[in-house]
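The values are calculated or read from the model by the stated rules, or taken from the named source; none is laboratory data. Source: prediction; values computed, not measured. Neighbour counts run over all protein chains shown; Cβ positions are idealised from the backbone, glycine included. Areas reflect the complete protein model, heavy atoms only, side chains present, ligands, DNA and RNA absent. Shrake-Rupley method; radii C 1.70, N 1.55, O 1.52, S 1.80 Å.
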Amino acid sequence: MSRINMDLTFESQRTLKRILELIDLSKLTKDDLDIFLARLDKNFPALFAKLYHLYGDKYDFFYHLQQLVAHLAAGIIARSGKLKKQDTLRLNKPDWYRDHKMLGMAAYVDLFAGDLKKLKAKIPYLKSLGINYLHLMPLYKSPKGDSDGGYAVSDYREVDPKLGTEKDLLALSDALSAEGISLVLDFVFNHTSDEHPWAEAAKVGAEEFTDFYYFFEKKQEIDDYNQTCREIFPTVRRGSFTYLEAQKKWVWTTFNSFQWDLNYSNPAVFNAITDEMLFLANLGCEGLRLDALAFIWKEKWTQCENLPKAHTLIQAFNLCLQIVAPAVVFKSEAIVHPDEVAKYIGKDECQLSYNPLMMALMWESLATRETKLLTASLKKSFAISPQCSWVNYIRCHDDIGWTFDDSLAQQLGINGFDHRRFLNNFYTGRFEGSFAQGVPFQENPATGDCRVCGSLASLTGLEKGLEQNNQRDIDFALKRISLLNSINMSIGGIPLIYQGDELGMLNDYSYLDDHSKKEDSRWVNRPVITEEDTKLAEKAGSAQFFVKQSLQAMINIRQQHQVFGIAETKILETYNPHLFAYCRIHESGQKMLAICNFSEESQSVNSSITDILASNKMVDLLTATKVKKTAVLELGAYQVLWLVAE
Ligand code: OTU
């Protein structure tokens, strides 16, 4: 083992030396050259090892490596002085994303603001909320009509003309950074649209591009793969392949038929996509969301998901960023089994990751009014590297997938299959007595699998409550919203608010009238946010006002206490099936104990749970009231306590 490593290190150094002699570095300034060489010195051996592992058996490996180093040099040249300063800043404070002031929002440019220029005008709104991380949904050129909400990219370097121009994007990026808001962009690198120039070239048989995607002439080939691959969009088409009439070939399409999977077994694809990635980095974003990253490596007779070489690839991309744009971090979008989610998280891979397990199980606990699965699962999976951070969320632009660990559920007496069916029924209103108003997504008749769509407010019961004008139901829904928000804001990680959820926006069914959207129920939770919506949340007494105010109050508390930032999270047992509790422990010794009631009945907990605070006198940060340590603590319906020692 060590011998192989030693050899690779030696070979990497020798290779780098040769490459540097061959490529033109004359366009780099003296400073840039120094930086470039220093970063290569640090990162090239690892990059070489990864790429050798992926592509070492290709006869033209060296050629591609040389091209890559040339691209990296060009990336440094293209990076602005301002961004280079940001690189230094971030390198000196690498854990910036764990700060207690971090607060994210995910938004569609058009739905949230209209276009990029108008979005600039919304910066004061974002600032008033406390947002300092803004994820803009894909804003690149994409096919007319259905483009999977922009996730079918036709050109990574061209802004969707509906939204503006590259100049507008740069202006926005500057304006955001001037206000201390980190821009996060999508890196849709598993696939391109079938209208991307690479796809167009492949269609007409341009040799260089036929290996950019996975094409198959024999049906047997795709039948083989379909035996082991999970179907992601089964209502679009069965299996993972699309037949191209004109070419008389199948093409790999994990998602929609117009989204062609890139072939990363081809080193030219790695290089080409690295170029696109560096372009995005040089626009000034500080985070790249790695879309559908679980699918990027394929091998026959496997699930073609979460394969070891997918990790190698992401680490290689990460090393390229370390060399050119170290201010930029990766966010993993792995909506998969929790053990697999964890594998993408690491300083050298993805520094940030969505937390789909907690998201799904908060909804699970709301439905069951029980917290055993949430508690046991987070006890097992919440802790990650202290150099990394969760991005916690309640809702996003997608569906809710029930990605919990079946074997752990089994230990608690829960059958995974039946439970998912129950959850799907509950959240799509098919379960009697359910408060939720959601819509099914991608029901698979073969497996019974299904996911759920709907806005935070509609899934928690606000839509039904308002419709029936039932104050009791409205109050419960508002409490459920606060409960979920409270966990998102305090458990540890960057809380990500999905646009409109801060305003208590309900489902939007207008997608049913749009033929390019009606088949994709995720549009139910992608409403246009109008001025009226914003105003309604300012109208004292409205349900929406309550949603916004209670969220804002939590944000304000979060910003005042470091314990919400770089601190350890301990998931606690409450010995009450309806309660969920955790303690945040800051290195200064400061602690915050959160206790949450997931039922509409009052619940009590033995006060020994507060021993962890080591004080008889406590304060609930949420209500700013003193709490005395008596034998039992009482929590009202859906009540949450944020206890600290007085
Ligand atoms: C992502 O999600 C995006 O978030 C979606 O909006 C896109 O449609 C999709 O990729 C394709 O670009 O299937 O329903 O198991 O769940 O990566 C959401 C992982 C999705 C997938 C996830 C994907």
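Find the all-direction average of the projected area of the Cα convex hull for the stretch 29-108, expressing the result in square nanometres with one decimal place. Walk me through the intermediate numbers first.
Details: hull surface 33.1 nm².
In nm², the orientation-averaged hull projection of the stretch 29-108 is 8.3.
Which order do the peptides 473-485, 503-515 take when ranked by the mean count of other beta-carbon atoms within 10 Å per residue, highest first? Could you put the intermediate results ahead of the total?
On the way: 473-485: 22.0, 503-515: 17.7.
Ranked from most to least packed, the peptides come out as 473-485, 503-515.
Give, in nm to one decimal, the length gained when the segment between Ser510 and Glu587 is fully stretched (0.36 nm per residue of separation minus the Cα-Cα distance).
On the way: separation 77, 0.36 × 77 = 27.72 nm, distance 4.94 nm.
That pair, Ser510 and Glu587, stretches by 22.8 nm at full extension.
Listed highest first by mean packing, meaning other Cβ atoms within 10 Å per residue, what order do 194-204, 451-461 come in? Provide the component values of the computation, followed by the final result.
Details: 194-204: 18.4, 451-461: 26.9.
Top to bottom by mean Cβ count within 10 Å: 451-461, 194-204.
Determine, from the Cβ-Cβ distance of Tyr125 and Ser615 and an R0 of 25 Å, the FRET efficiency 1/(1 + (r/R0)^6), rounded to the nearest 0.05.
Rounded to the nearest 0.05, the efficiency is 0.05.
Once label points are set 7 Å from the Cα along Cα→Cβ at both Lys628 and Ala206, what is their separation, rounded to one decimal in nm?
Taking the two extended label points, one gets 7.8 nm.
Can you sort Arg420, Arg395, Arg238, Arg14 by solvent-accessible area, 1.4 Å probe, largest first?
Working: Arg420 50, Arg395 5, Arg238 120, Arg14 95 Å².
I get Arg238, Arg14, Arg420, Arg395, largest accessible area first.
For the stretch 45-183, what is the convex hull volume of its Cα atoms per residue in Å³?
On the way: hull volume 22.4 nm³, N = 139.
Hull volume over Cα atoms, normalised by residue count, gives 161 Å³.
Under 13 Å Cα-Cα from Lys535, which aspartates and glutamates qualify once same-chain neighbours fewer than 8 residues away are excluded?
Result set, ordered by chain and number: Glu502.
Using a simple charge model, +1 on the beta-carbon of Lys and Arg, -1 on the beta-carbon of Asp and Glu, nothing else, what dipole does the chain show about its Cα centre, in debye to the nearest 20? Let's see the in-between values first.
Details: 71 positive and 83 negative charges, 339 e Å.
Dipole magnitude for the chain comes out near 1620 debye.
Across all directions of projection, what mean area in square nanometres is found for the Cα convex hull of the stretch 374-505?
Averaging across all directions leaves 9.2 nm² for the Cα convex hull.
Where does each of 487-499, 332-344, 30-42, 71-83 land if you order them by average Cβ count within 10 Å, highest first?
487-499, 332-344, 71-83, 30-42
Can you give the log10 of the normalised intensity I(q)/I(0) at q = 0.21, 0.30, 0.31 Å⁻¹, computed with Debye over equal Cα scatterers of the stretch 94-144?
Normalising to I(0) and taking log10 leaves -0.80, -1.20, -1.24.
Filter the DSSP H helices in the chain by two things, a Kyte-Doolittle mean of at least 0.5 and an axial alpha-carbon span of 24 angstrom or more, and list the hits by number. Please list the in-between numbers first.
Working: long enough: 2-22 (30 Å, -0.43); 30-55 (33 Å, 0.00); 61-78 (26 Å, 1.24); 308-324 (25 Å, 0.80); 471-490 (28 Å, -0.07); 543-560 (26 Å, -0.12).
Within the chain the helices that satisfy the rule are 61-78, 308-324.
With respect to the cross-link table entries Lys122/Lys331; Lys144/Lys298; Lys93/Lys626; Lys372/Lys548; Lys219/Lys380, which display a Cα-Cα separation exceeding 32 Å?
On the way: Lys122/Lys331 24 Å; Lys144/Lys298 29 Å; Lys93/Lys626 37 Å; Lys372/Lys548 30 Å; Lys219/Lys380 43 Å.
Lys93/Lys626; Lys219/Lys380, as the Cα separations exceed 32 Å there.
Hey, how many Å between the Cα centroid of the stretch 354-431 and the Cα centroid of the stretch 53-92?
What the calculation gives is 39 Å, centre to centre.
Please report the antiparallel percentage of the DSSP beta bridges confined to the chain, to the nearest 5. Don't skip to the answer; put the middle values down first.
On the way: 44 of 72 bridges.
Restricted to the chain, the bridges split so that about 60 percent are antiparallel.
As a test of understanding, state the convex hull volume per residue of the stretch 205-262 from its alpha carbons, in Å³.
81
Express in nm, to one decimal, how much length is gained between Asn469 and Glu179 on full extension, taking 0.36 nm for each residue of separation and deducting their alpha carbon distance.
Fully extending the segment from Asn469 to Glu179 adds 100.3 nm.
So in the stretch 225-372, what percent of DSSP beta bridges are antiparallel if you round to the nearest 5?
Antiparallel bridges make up about 35 percent of those DSSP assigns within the stretch 225-372.
Find the centroid of the Cα atoms in the stretch 187-211 and in the stretch 125-174, then give the distance between the two in whole Å.
Answer, in whole Å: 22.
In angstroms, what radius of gyration and Dmax does the stretch 563-645 have, counting Cα atoms only?
Spelled out, the Cα radius of gyration and Dmax of the stretch 563-645 are 12.0, 36 Å.
Whole number please: convex hull volume per residue, Cα atoms of the chain, in Å³. Show your work: numbers first, answer last.
Values: hull volume 106.4 nm³, N = 646.
In the chain, the Cα hull volume divided by residue count equals 165 Å³.
Rounded, prolate or oblate: which fits the stretch 247-336, taking a ≥ b ≥ c as square roots of the Cα gyration tensor eigenvalues, rounded meaning a/c under 1.5, else prolate when a/b beats b/c?
Numbers: a/c = 1.90, a/b = 1.64, b/c = 1.16.
Here the stretch 247-336 falls in the prolate category.
Pulled fully out, how much extra length does the chain show between Lys27 and Lys162, if you take 0.36 nm times their separation in residues and subtract their Cα-Cα distance?
45.0 nm
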